[in-house]
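Structure first, commentary second.
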Amino acid sequence: MTTTPPVCDYEGSDYQTSFWEQGGRAYEDRAEEIALRRLVPTQGTLLLELGAGAGRNTPRYPGYERIVLLDYSRTQLQQARAKLGDSPRYIYIAADIYRLPFRAALFDGATMIRTLHHMADAPAALAQVRRVLAPGATFILEYANKLNVKAILRYWLGRQNWSPFSPEPVEFVKLNFDFHPAAIRRWLAELGFIPQKTLTVSHFRLGLLKRWLPAGFLAALDGLAQLTGDWWQITPSVFIKSTLPAAAAGEPRPASVLDWFQCPACGQTPLHSQDDALHCSGCGQNWAYRDGIYDFRDPLSA
Ligand SMILES: C[S@@+](CC[C@H](N)C(=O)[O-])C[C@H]1O[C@@H](n2cnc3c(N)ncnc32)[C@H](O)[C@@H]1O
């Protein structure tokens, strides 16, 4: 298998509880809900949620017929499955974004929220997303913005040694990156994405404000301020919706989920079901399907 960048591993993490439910982030969660309500298409057939985690955002995509929740962490997916349940609408997949296990042009939508900031090679990750999206598809990307007010002030006051104005990503903690809006726009454009709308999110991410004002009120204010996103981006979080150019209808999507997959080791498609696993006739690897999760992280040992 080719070498891919390191992964920020959430296996066994209590992220959903410690960061969201007990982490004092009701304001950010509601502000993101407002942004997604504005950006997510009202209808769609198959959505890929990249870095879905414990499924916090999954209920925010009501117009899609089916949703593939993809995450590297099996335990995050187990939490998502416990929350959302088993139904033909949800498909749970453990895989690395750098080696997406899908045939090309499969999805008509994708979201990637609070996940790009773990990508040491963001252009490579975005290229994978591009590969699996169909002509006309919608992509909603959230990224952590290095050009935010706090970073600018800290830089001007000499309290931060990296410049928020330069285009390269900054790794502020191991495998946690902030990006410059111009770099994100350039990478998306190079892949053929057409920008539709940008929303700036979390204008009021300040401990003092969050303590004084109710989360719902701050989120409503944020909802108004988000609308300036097409003009300037100086918030810590930015949502950008873009689309791929439409084209004449290609081959219809295969009806069986099994025919959607591509071997992440060698690129062979389709895979074949064999003894509770998926078998690749190209390289001979087998991939597990256990406890409702297709597992494309590591092949089963022979
Ligand atoms: C900060 S959490 C965000 C989860 C969810 N999107 C949310 O907003 O609540 C980032 C998620 O990205 C996943 N992730 C990080 N690197 C990944 C990779 N290379 N491939 C797939 N998932 C990855 C992590 O396992 C984690 O669940």
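Numbers below:
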item	result
Value at 222 nm in deg cm²/dmol, rounded to 500, when DSSP H runs of n ≥ 4 in the chain each add -39,500 (n - 2.57)	-7000 deg cm²/dmol
Label zone at Glu190 (point 7 Å along Cα-to-Cβ), backbone N below 13 Å, the range 111-145	121-128
Along each principal axis, Cα extent of the range 162-302, largest first, Å	57, 40, 33
Kirkwood-Stokes translational diffusion coefficient of the range 23-62, alpha-carbon pairs, 37 °C, 0.692 mPa s, µm²/s	291
Qualifying GluC sites (Glu not before Pro) for the range 1-78 [loop in DSSP, other Cβ within 10 Å: at most 14]	Glu11
Computed log₁₀ I(q)/I(0) - Debye formula, equal Cα scatterers, no solvent, the range 1-158, q 0.18, 0.21 Å⁻¹	-1.21, -1.57
Of all DSSP beta bridges in the chain, antiparallel share, percent nearest 5	55
Mean Cα-pair separation over length for the range 15-253, i.e. relative contact order, pairs under 8 Å, 6 or more apart, %	21
Cβ-derived FRET efficiency at R0 35 Å, Arg159 paired with Arg38, nearest 0.05	0.50
Largest-first principal axis extents of the Cα set of the range 254-302 (Å)	29, 25, 18
Calculated log₁₀ intensity ratio I(q)/I(0) where the Debye formula runs over C-alpha points of the chain, q = 0.09 Å⁻¹	-0.45
For Leu191, Leu224, Leu70, Leu36, order by how many other beta-carbon atoms lie within 10 Å, fewest first	Leu224, Leu191, Leu36, Leu70
Partnerless cysteines, meaning none of the other Cys C-beta atoms lie under 4.7 Å away, in the chain	Cys8
Segments 277-290, 248-261, 140-153 sorted - mean Cβ within 10 Å per residue, highest first	140-153, 277-290, 248-261
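The numbers here are math on the coordinates, done by the rules we state, and not lab data. These numbers were taken from a predicted model, which means no experiment stands behind them. So basically every Cβ, Gly included, is an ideal-geometry build from the backbone, and we count neighbours across all protein chains shown.
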